[in-house]
Amino acid sequence: MLSINKILPRLSIRSKLIIAFTGLSVLPVILVGLHGIFSNVKLMENTALENLTHDVQTIRENTANFLGNIESDLRVIRHSSSLKELLPSLEQSPHGWNDPLLQHLSADLQAFAKTKGSYYQLRLVNNEGDELLRIEADDSSSYRIANKTELRRTRESFYFLLIQNLSKDQIAFVPGELVDRENRRVPVISFAMPLEGARGRVGILIANVFARNLFRVIESKRHLSVEGKIALVSGDGYYLYHSEKKKDWNKLLASRLEDNLQHDYPPSLVKLFLSGREGNASEGIDEIVSYAPLFSAESPSPAGGSGTNFALSYFVIESVPKNVILAPVRSFAWMFAGFLAIFLTAAVGLGLLATRQFTKPIAELRRGAEVISRGAYSHRIHVETHDEIEDLAEQFNAMAASLESHEREIQSHRTRLEEMVKQRTIELSEEKTKLQAILDHIPSAVVLIGKDFKIQSASAALSGITEQPLENVKGMDCSELFNKNGYIWECVCRRAMRSKKVECDVEQITDGHGEERFIEHVAIPMSDNGEVESVLEIITDVTKKKRIEQQLLRTEKLAAAGEISAIIAHEFRNALTSIKMILQLRHESKRLSRPEKQSLAVALDSISHMEQIVNELLDFARPKPMEFRALSLNKIVNDSLALALLHIDKRSIDVRKTFDPELPEMMLDESHLKEALINTFLNAAQAIDTDGVSTIDQAALSTSSGIISVETKRVQLGKTLRDFAFSQEAMSDRSDPRGHEVVLKRGSECGLIRIKDTGCGIDPSQLLRIFDPFFTTKPNGTGLGLPMLKRTINAHGGVVTVTSKKNQGTSFNIYLPLDHAT
C-alpha cells in the first residue's frame, strides 16, 4: 500500500504535514475544476459537431441544387429541337460550317444564356475536336456569338479525355480557368456532356459556368458562428473549391498535385472523408471536421428518378480549429489556475503555522539525539509540550542515562581487551617470524597457492630456484611463473586441486645460464569441509641428487663391465694361446694338402681377430696411464684421419676436412687420442649407407655415396657442459665408485673437434646408451669404441656431445679445454 513516506522519502515531517494538509484542501477544488473543464470541452465539441453537420448538410443541398440546375439546363439544351435537328446533320457532315441549323442553334443558346445569366460560355465541339459554335459573356453583361474566325480548329483533347468513360446522358465537370479576349483569367466550372446521334457520338456540349456563382452557393449563411474552412473535393482528393484559396483559383489548379486533401490530412482520414459516408472526425488532428458526399444515392435527379447523372463523385468537407472552439474553455482554465494558485498559497501558509506546533519539539528531540549519538551521554533534552512528545523526551533522557552507565563499563572492558590483543599480537608476530625464518632456511621452496591459483606467500628459497625477486612473485598465477619460465610443463597445483590428492612431478629444465637442472614439485591440497581452499607446493632443486644417482648407475655399469672384461680376457687369452700354438704347428706340417693349409690359415686369422678383441677388453679393463704433452690438435686429428682412410673405401665416401690454423698447442695424450679418433672415424664410415643418405644431393657427389666432415676450431661455450669421469679404481672395484664431475663452464675457451657423417643416424631410443660398454648395433662390433672415446676425452677434461637424426646422419662434438692442467 502506498504511503506519503514511500512517495516522498526524503522530506521532513513538517513538509509532509504541509503537503498532506494542502492536498486535502486543494484536491477537491482541482477535481471539481477539472470536471467542469472537461465537461465544457465535451459540450463545446458536441455543439460544434452538430453545427458543422448542419452546415455541411446545408452546403451539400445548396451545391447539389446548383449543380442539379446546371444539369437540368444541359438536358434542356440536349433535348431542344434545334440541337436535335442538328445532330443528324453532324453525322453526315462533321464540320457543318454553313449549316443554317447551326446558326439557328447559336441564336437559341444565346437567348438561353441571357435568360440564365450564370454561364460564361456555351460551346459545341464535333468529333474532330473542332469548335462549331461558342456563346460567351462580354463586358456589358450580355452574350455574343463568336465569329467563325474566332472558333478553335484544334482538337479539344482535354474534353475528350474527360468524357471518354461517360455513358449516354452522363455529365462530367471540373474546375478550370479561361482567358478572355482581354487576356484576363476567368475562374469557371466546366461541364461536358457527350452528344449521341443515331450512329454514335457526334460531339460534345460544353458549358463553362462562372465559379463565383458556385462560391456564393457554398458560402451562404451558416449556423456555426466561428470562421471555418469549407472545401469541395473530388474523388481523387483534389480541391474543386477551398474557402481559404478561392481568390487564388489559378494557384489551386496549378498546385493540385501538391496542395490537395492528401497533403492536408493523414491517409486514414482521407480514406474516411472519401468513403462516401457522412460523419465527423476530431481524433489525431487539431480540427473538428464534418464530411459528407455531395450526391447521395437518395438525392433526387432534376430529370426525375433518384441519383444524378454526374460521372465523378464529389465530397463536402467543413472544419473548424479546436483552439477556436475551445477558446472559452481555455479562458476558464486560466482563471481556474489563478484561483487555484491563490488557494494553494493560503493553504500552505496556514499549514506552516499549524505544523510549527509539532515540528519545533520534534526538532529539539532530533538535535538531542544527534548529540547523544556522538557519545555525549550526559546530555539531556528539555521539552515542555504536556503531551506525548514530552513523554518521548523523558524516555530519551532515561535512555541516555542508561547508555552513559554502559559506556563506562564498555570502556573498562575495552582497555583490558586492547592490552590482551596487543600482547597476543606480539606473540603471533614472533611466532610468524620464527616460522618464516625456518621456511627461509629450508633448501626447498615452500609456496602457498590460493584457490584462484595466485601465489599468496613463499619462502626465500623460491627466489633461488626461479631467479626472480620474492616481491615480484607474490600475486602471480602459478602457471605464469612456472610454465612460462619452463620450470614445469604441467601445473601440478591444478592437478592437485582437481584430484584432491598429493601430486608430484620432476622436470628436467635448462636455466638462464644454459645449465641442466632437475626441479621436483610436490603439491599438497589443503581442504576445509571437503573443499580444497588452497595448495601447499614444495619445490626442490634435486639436480645434485639426480646427478649422484646417474653417477652411481654408471659406476656400477663400468665396474661390472671392467670385471667381466678382465675375466673374459684372462680366460680367453690362455685358451687362445694354446689353440694358436697347436694350429701353427699343424700349419707347418709338410704332409698337409693345399686346401687343408688354407683352412688352417683362415682359423689362424680368426684366432688373431679374437686376440685383438681380448686386447681391447684388457685395454678397457686396465687402461694405460695418460701421458700429456703440448701438441697440435690439428696434427693429431689429421694423422688419425690419414690412418683411418687406409680402412675406408674412398670411392664411396667423400671425406672433407676443415682445420682452424689459430688453434694453439694443447696438453694432449697422442696415443690415446689417436686411438679414440680413429675408432670414431671408422664408426662414421660404417654408418654411411646409400639408402640412408638424405642430407646431400646424390648427383653432386658423383661416384660418392656419403660424406664425412671433419672440422676443428676454437670456440667459446655458450652454455655449461657437464659429464662424469670414472677413475681406474672404479673400473676394477664396484665397491669403490670413485670418479669426478667434468664441468666446462659457460664462456670457457675450448678446442672443438666436430665429426659429422651423412649416414643412417642413431635411433632416439638408443642415443642415451651409446657410451655404455658392450652396447653396439653392428654385427661385428664390441661396443667398446665410444666408451673408450668418452673415457679419453674426460681424461683430457673435455666433454663429448652427440646429435643425430634417423636417416639424416650423426654429429660428434668433442670439446677439449685449452687450459687443461695435467
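Compute the length gained on full extension between Ile37 and Lys657: take 0.36 nm times their separation in residues and subtract their Cα-Cα distance, giving the result in nm to one decimal.
211.4 nm is the gain from fully extending Ile37 to Lys657.
A simple spin-label model places the labels of Arg374 and Leu151 11.6 nm from each other, with each point 7 Å out along Cα-to-Cβ. Site pair Ser599 and Ile285 shows an inter-label distance of 13.8 nm when each label is modelled 7 Å from Cα along Cα→Cβ. Computed over protein heavy atoms with a 1.4 angstrom probe, the accessible surface ordering of Phe173, Phe158, Phe66, Phe628, largest first, is Phe158, Phe628, Phe66, Phe173.
Taking Cβ atoms as reference points and 13 Å as the exclusive limit, the residues near Arg184 contribute a net charge of -4, counting Lys and Arg as +1 and Asp and Glu as -1. For the pair Asp505 and Gln716, a Förster radius of 45 Å applied to the C-beta separation gives a FRET efficiency near 0.80, rounded to the nearest 0.05. Averaging Cα coordinates gives a centre for region 163-201 and one for region 19-70; these two points are 43 Å apart. Think of a 1.4 Å ball rolled over the protein heavy atoms: region 70-199 then has 49 Å² of accessible area per residue.
Packing, taken as the mean count of other beta carbons within 10 Å per residue, orders the peptides 48-59, 675-686 from highest to lowest as 675-686, 48-59.
The values are calculated or read from the model by the stated rules, or taken from the named source; none is laboratory data. Here the structure is a predicted model, which means the values were calculated and not measured. No Cβ is skipped: glycine too gets one built from the backbone with ideal geometry, and neighbour counts run over all protein chains shown. Just so you know, the surface numbers come from the protein's heavy atoms only, side chains and all, with ligands and any DNA or RNA stripped out. Shrake-Rupley method; radii C 1.70, N 1.55, O 1.52, S 1.80 Å.
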